[in-house]
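> Mind looking over this structure? Questions follow.
The values are calculated or read from the model by the stated rules, or taken from the named source; none is laboratory data. None of the values given here were measured: they were computed from a predicted structure. We place every Cβ from the backbone using ideal geometry, glycine too, and count neighbours over all the protein chains shown.
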């Protein structure tokens, strides 16, 4: 079963995510970027990382996580930023374009969308 | 353009002439000063040495004078003539010291008598006094005082003066080049560009320079105006950025419960009634928490928006308010230290409670295992009676010295959860509205102007100190 990493602190969305992918993908959840970095998970068999992005509450560590995945962990899978908002300031947009594959709005979460994302990956 | 270039050239020449004139005048003044100095020194040497000697020899000179039968001391020419006629003395043609000694030596060999002599030199005067005893017991004094252009000191001074002139000239040349290349040339270039753009005929270099300076002045004024505009724009930009950030934050936080409610409704259509109840129980608490947060945030914004004091003042018991606030934390973890005769003050109960809640909430969100303590004590500050409240926690994290001054600033936050940067700013506003003061102390550093000793050396601690007037 393909593995998906979710970094999300809101239990509601964690449950939503879990419900969407139930039986189709394995979800590995971390409640914060620090938690994810500290655990130092082997990402070889991870297909995608979904990173929560909360506007106005972003710490430096969270901001740097996508970069960390690409540079430090040499992660080749998909990095998806998901947020309640879809508009970003210029600086954030540049950063996201550099290190993330896609930006999702939380309300658009669906199994079909996840499957489509992972089908495109490496196919 | 040709006219401008010729004008440029004439101004350059004028400036060059001016610099050379200044250099020459300075050199002449320096030379004259050196000559005067030398003369004074030579005169002083002559006066001090020759005439002091003469004064010392006054008695012997008088006796010589008497023996010779002259009313005055003999002059040089007469003495030489006398010496020659009597002893075949060779006239001293040169005043060079060596030759003089040689002459005297020859004289001594011829007459078996060595004269005592004194020869003094100064840069401008040469003085010689010869006193000698002959076989016959005759004594002669020969004095000579003459201009001495070849005195050793003269050459020394002359060489020093030459060296100074050479060095000064080199310095002038260097500074002239630097002055022209650094100071004049930019003006010339500026002038060329200005004049070429306007094609103005100038009457004289002075007028041209005045015009250039006027233009520079005008440019400086414009530059200052532009800088002011830029600063205003930067400030406006910073304010706009803060507002944009705040709006995004508000939209984000307000949208969250709505987004969840939408999802809840979508699920409700898909789930069975039995599943729905369980699902609703699971998520309702979460959504309720979000709506409470939105409500708190809106209240924060309302509070910040109020510029005037809007207090509902009445006597309140601080201890009971703090007790109710700290119910959120396990009571065993909170220690109360009360050193006050009267813990009742006049204040707005709702707002003060909100202030204490914000501080506690701030402490709870910080990482680490903490123990909480509350101190209430009486104190006198600026001849007024105050009640001091300290809300502290120990064993958790600390606030660094750099962060302390920012902690009460609006929108300053380092936390993700509930970190809107409003809570502590509101605390400060509430306390200020009460006429009180608030500051934070952590590991010996404080946001207040006063220094504070480190209270707990072994562990991290954060304390909020609040001064409340008894009757605001």
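> Looking at (1) at pLDDT below 85; (2) surrounded by 14 or more Cβ atoms within 10 Å (Cβ to Cβ), can you tell me which one residue B:335 breaks?
In the conditions (1) at pLDDT below 85; (2) surrounded by 14 or more Cβ atoms within 10 Å (Cβ to Cβ), residue B:335 misses (2) alone.
> Answer with yes or no whether residue A:19 is away from chain B (no Cβ under 14 Å) and surrounded by fewer than 20 Cβ atoms within 10 Å (Cβ to Cβ).
So residue A:19 fails the test.
> Inspect all residues belonging to the stretch B:452-463 and state whether any of them is touching a helix residue (DSSP H, G or I) at 6+ places or on another chain (Cβ under 7 Å), assigned to a strand (DSSP E or B) and modelled with pLDDT of 80 or more.
Filtering the stretch B:452-463 for residues touching a helix residue (DSSP H, G or I) at 6+ places or on another chain (Cβ under 7 Å) gives B:462.
Now restrict to residues that are assigned to a strand (DSSP E or B): B:462.
Among the residues that remain, those that are also modelled with pLDDT of 80 or more are: B:462.
Checked the stretch B:452-463: at least one residue is touching a helix residue (DSSP H, G or I) at 6+ places or on another chain (Cβ under 7 Å), assigned to a strand (DSSP E or B) and modelled with pLDDT of 80 or more.
> Continuing with this model, one more query. Quick check, is residue B:261 surrounded by 13 or more Cβ atoms within 10 Å (Cβ to Cβ) and at pLDDT 85 or above? Show your work before the answer.
Working: surrounded by 13 or more Cβ atoms within 10 Å (Cβ to Cβ): yes; at pLDDT 85 or above: yes.
Criteria met by residue B:261.
> Here is a further query. Can you tell me which residue among B:252, B:289 is touching a strand residue (DSSP E or B) at 6+ places or on another chain (Cβ under 9 Å) and either modelled with pLDDT under 80 or over 15 Å from residue B:422 (Cα atoms) (or both)?
Values: B:289 fails: touching a strand residue (DSSP E or B) at 6+ places or on another chain (Cβ under 9 Å).
Result: B:252 is the single residue among B:252, B:289 that is touching a strand residue (DSSP E or B) at 6+ places or on another chain (Cβ under 9 Å) and either modelled with pLDDT under 80 or over 15 Å from residue B:422 (Cα atoms) (or both).
> Quick check on my filter: what residues within the stretch B:244-256 are more than 7 Å from every other protein chain (Cβ to nearest Cβ) and in contact with a helix residue (DSSP H, G or I) (Cβ under 9 Å, 6 or more places away or on another chain)?
B:246, B:250, B:253, B:254
> Next up: Between B:384, B:370, B:388, which is touching a strand residue (DSSP E or B) at 6+ places or on another chain (Cβ under 8 Å) and closer than 17 Å to residue B:459 by Cα? I'd like the intermediate steps shown before the answer.
Values: B:384 fails: closer than 17 Å to residue B:459 by Cα; B:388 fails: closer than 17 Å to residue B:459 by Cα.
On inspection, the qualifying residue turns out to be B:370.
> Then there's this: Would you check which residues across the stretch A:1-16 are outside any loop (DSSP other than H, G, I, E, B) and within 14 Å of chain B (Cβ to nearest Cβ) and list them?
From the stretch A:1-16, those outside any loop (DSSP other than H, G, I, E, B) are A:3-7, A:11-16; that's our starting set.
Residues satisfying the conditions are A:7, A:11, A:12, A:13, A:14, A:15, A:16.
> Out of the stretch A:23-56, which residues are assigned to a loop (DSSP other than H, G, I, E, B), away from chain B (no Cβ under 13 Å) and free of Cβ contacts under 8 Å to residues at least 24 places away in the same chain? Even if it seems obvious, please write down each step before you answer.
Just the residues of the stretch A:23-56 that are assigned to a loop (DSSP other than H, G, I, E, B), to begin with: A:23-25, A:31-32, A:40-45, A:53-56.
Next cut, away from chain B (no Cβ under 13 Å) only: A:23-25, A:40-45.
Matches in the stretch A:23-56: A:23, A:40, A:42, A:44.
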